[in-house]
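The values are calculated or read from the model by the stated rules, or taken from the named source; none is laboratory data. Here the structure is a predicted model, which is why all the values come from computation and not from measurement. All Cβ positions, glycine included, derive from the backbone under ideal geometry; neighbour counts span all protein chains shown. Side chains included, ligands, DNA and RNA excluded: accessible areas come from the protein's heavy atoms. Shrake-Rupley method; radii C 1.70, N 1.55, O 1.52, S 1.80 Å.
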Amino acid sequence: MKETVVSGIRSTGKLHLGNYYGAVKNFVQMQNDFNCYFFIADLHSLTTHPTPADLHGNIKHVLVEYLASGIDPETSTIYIQSDVPEIAELYLYLNMNAYMGELERSTSFKDKVRSNPDNVNAGLLTYPVLMAADILIHKATKVPVGKDQEQHLEMARTFGNRFNRLYDTPYFPEPYAFNYSEKLVKVPGLDGKGKMGKSEGEGNAVYLSDDPETIRKKVMRAVSDGGPTEENQEKPEAIQNLFDLMKVVSSADTHEHFSDLYNKMQIRYGDFKKQLAEDMIIATAPMRERIMDVAKNDTYLRQVAKHGAIKARESAQKTIKEVRSLIGFKSF
Ligand code: ADP
Ligand code: TRP
């Protein structure tokens with residue numbers, strides 16, 4: 001039996017290079033190796049209160065970009081989270097054994113409280129429980145995600161194991177973050193600090209659907225500094241981030257070439273950024289073309305979503321039936 005994979009992307013906007021290299025790039029290979037469920041996490045995106053029109057538009061973006069990445073809706077199951085109400089039911093059961101203290105200690109929760117103190121809602125607090133429900137509903141063991149999601153996976157294991165202990169049965173297997181390389185990926189942003197992300201501010205993220213001119217502009221505006229002042233000096237964060245981005249999109253030779261120039265204090269950031277932008281354009285071009293193609297076909301998108309919901313619910317209903325019985329819900 002093939003192992004089961006579950007992966008989700010929140011419907012909060014278009015996909016960027018971080019989403020691609022952190023998760024989506026692996027999807028095509030994974031669908032041949034494993035039994036895969038790829039879904040659009042639209043329930044998760046409600047924590048930020050999108051308008052109905054934005055919500056719908058963003059669900060479409062992610063669906064289109066999933067398909068453009070090469071996911072085959074016949075080989076894999078591709079669906080929209082809110083089409084599978086069994087996930088919300090499992091979330092409710094898991095919430096009964098998720099404790100305030102551990103939820104409040106989650107790094108992503110603490111980050112959100114800091115960045116958005118006016119909207120600390122209960123959905124944000126229990127975000128990891130919903131994510132655990134997404135994964136456990138299909139009894140998945142492998143979850144392709146970037147480095148930022150490692151703690152959420154640990155919490156999913158905790159909630160699954162707690163359920164198993166409470167009902168005294170090894171029902172849920174343990175899910176782990178997965179990537180084909182030995183390390184989980186963290187793609188930095190263009191603003192000189194931290195990761196690439198949709199919510200990190202304008203100009204930080206390069207989207208797969210960005211046209212070449214937009215990519216050039218964003219990269220040329222990326223935060224850098226006045227240049228190295230000593231040979232072989234350690235790179236400050238903003239510069240290291242640009243080199244890390246180059247490692248992701250450029251050849252090893254190109255990366256080494258600019259590293260050498262930096263170490264010899266001969267680097268010209270203009271040339272360096274130009275090269276980085278061109279390599280980003282080459283890396284994203286095939287995806288961009290497919291995105292434009294798929295987006296035109298609304299009938300196909302509707303069919304994919306409908307077919308995916310049926311397949312996902314089959315698996316989810318089986319789990320919910322068993323979970324209900326384990327909990328003790330019985331008909332009279
Ligand atoms: P965002 O952080 O942009 O809002 P999501 O939270 O929806 O995106 O993340 C979807 C997937 O993309 C997750 O698997 C996440 O780990 C991955 N991901 C997001 N940003 C990065 C990044 N900068 N580097 C690596 N992986 C990332
Ligand atoms: N929390 C993930 C993120 O922000 C998205 C997500 C929700 C997810 N449910 C999931 C990823 C289940 C993998 C499996 O990136």
Checklist entry - Do we find a residue being farther than 23 Å from ILE327 by Cβ, open to solvent by 50 Å² or more (accessible area, probe 1.4 Å), free of Cβ contacts under 8 Å to residues at least 12 places away in the same chain and within 16 Å of ligand 2 (Cβ to nearest atom) anywhere in region 184-207? => result yes
Next on the checklist: If I ask for residues that are over 29 Å from TYR207 (Cα atoms) and open to solvent by 60 Å² or more (accessible area, probe 1.4 Å), which ones from region 222-259 would you list?
Outcome noted: THR229, GLU230, GLU231, ASN232, GLU234
Checklist outcome for this item: Over region 152-170, the set of residues open to solvent by less than 30 Å² (accessible area, probe 1.4 Å) and aromatic (Phe, Trp, Tyr) is PHE159, PHE163
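Which residue out of SER69, SER108 is within 14 Å of ligand 1 (Cβ to nearest atom) and touching a His at 6+ places or on another chain (Cβ under 9 Å)?
Only one candidate passes the filter, namely SER108.
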Item to check | Wholly within region 237-328, helices (runs of 4 or more DSSP H) carrying at least 1 residues that are touching a residue at least 60 places away in the same chain (Cβ under 8 Å) | outcome: 237-249, 269-295, 298-327
Item to check | Residue ID - most open to solvent (accessible area, probe 1.4 Å), chosen from residues in region 12-67 that are under 22 Å from HIS138 (Cα atoms) and in a strand (DSSP E or B) | outcome: ASN35
Checklist entry - Any residue in region 195-211 that is over 19 Å from ASP148 (Cα atoms), part of a helix (DSSP H, G or I) and not assigned by TED's automatic domain parsing to the domain that holds THR48? => result no
Checklist outcome for this item: Among helices (runs of 4 or more DSSP H) entirely within region 115-173, at least 2 residues that are under 21 Å from TYR37 (Cβ atoms) occur in 127-136, 150-166
Checklist outcome for this item: Picked from region 70-87 (must be within 20 Å of PHE163 (Cβ to Cβ) and more than 13 Å from ligand 2 (Cβ to nearest atom)), the residue surrounded by the most Cβ atoms within 10 Å (Cβ to Cβ) is GLU86
